[in-house]
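The values are calculated or read from the model by the stated rules, or taken from the named source; none is laboratory data. This structure is a prediction, so every number in the text was calculated from the model and none was measured. Cβ coordinates were reconstructed from backbone atoms using ideal geometry, including for glycine residues, and neighbour counts include every protein chain displayed.
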Amino acid sequence: MYELIGVTKQYRRGQERVDALAGIDLTLEQGDRLVIQGPTGGGKSTLLQMLGGLDRPTSGRVLLDGVDLAGLSERRLTAVRGENIGFVFQSFNLIPTLTAQENVETALVPLGVKAAERRSRAAEALESVGLGERLGHLPSELSGGQQQRVAIARALVKRPKVLLADEPTGNLDESMRDEIVDLLEGLWKEHGLTFVMVTHDSAVARRSPRLATLRKGRITIKENRSATVAGPPVG
């Protein structure tokens, strides 16, 4: 599935060079689940962007099913993202003037899916996240948790192999956080997704079977034998 080999990412901040990623080696198999933690500025979101083909490394290789994302043209990279990768972000990124169903449909437009099938698949995706009765609601008519469910449906309606989530519970209260994590875990298992999530929330991280820590652009990974995959996190 994924193989990262010696991945670095450098930025310039004035005269200073910032090593956001400092030689990342990482392997993920189909169906793996990984949570990434670390201090602010440690490289978490940068790594997620590499996995999603949203940014290119300064050096190294990012292989997805044997294809080096860094070597693809922008057009081909966009196609790979559209076909294989779903994204969920902290800020739900919904279009305020579109209904829940229309927001989910937007993920299918670049793939050339015809209108009738877009409507059908969007309705099915929203049903799968518990919003089958909210198809015609605008984002302003939905709670924060419901808006995140729409965003998750939008990510999954493409039927991707990979789901990448950047602080997906960051804007939610504790009870809604647990509902969203339960939902993501259920979808991960149901669809056999490769699921990578960035979070600052240790209660969420404890539920993952693999934990990665990023500090100063360097990664360490450990197995979490006490992971709780279903139900509320262990305190």
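The conditions of being hydroxyl-bearing (Ser, Thr, Tyr), crowded, with 18+ Cβ neighbours inside 10 Å and either under 30 Å from ASP65 (Cβ atoms) or within 17 Å of the chain's Cα centre (by Cα) (or both) are met by THR169.
Okay, residues lined up against (1) over 27 Å from VAL181 (Cα atoms); (2) of a type in the set (A, V, I, L, M):
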residue	(1), (2)
ARG12	yes, no
VAL18	yes, yes
LEU28	no, yes
GLY38	no, no
SER45	no, no
VAL80	no, yes
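Condition check: modelled with pLDDT of 95 or more and not aromatic (Phe, Trp, Tyr). Does THR46 satisfy that? For THR46, the condition - modelled with pLDDT of 95 or more and not aromatic (Phe, Trp, Tyr) - is not met.
Go through the stretch 14-52 and give me each residue that's over 12 Å from the mean Cα position of the chain (by Cα), of a type in the set (Gly, Ala, Ser) and buried (at least 19 other Cβ atoms within 10 Å of the Cβ). Once the filter is applied, which keeps residues that are over 12 Å from the mean Cα position of the chain (by Cα), of a type in the set (Gly, Ala, Ser) and buried (at least 19 other Cβ atoms within 10 Å of the Cβ), the stretch 14-52 yields ALA20, GLY38, GLY42, GLY43. The residue list LEU77, LEU28 contains one member that is within 27 Å of ALA107 (Cα to Cα) and at pLDDT 95 or above, which is LEU28. The residues on offer are GLU124, GLU105, and the sole one that is surrounded by 22 or more Cβ atoms within 10 Å (Cβ to Cβ) and acidic (Asp, Glu) is GLU105. Considered as a group, the residues in the stretch 189-215 that are surrounded by 14 or more Cβ atoms within 10 Å (Cβ to Cβ) and in a loop (DSSP other than H, G, I, E, B) include one that is modelled with the highest pLDDT, and that residue is LEU193.
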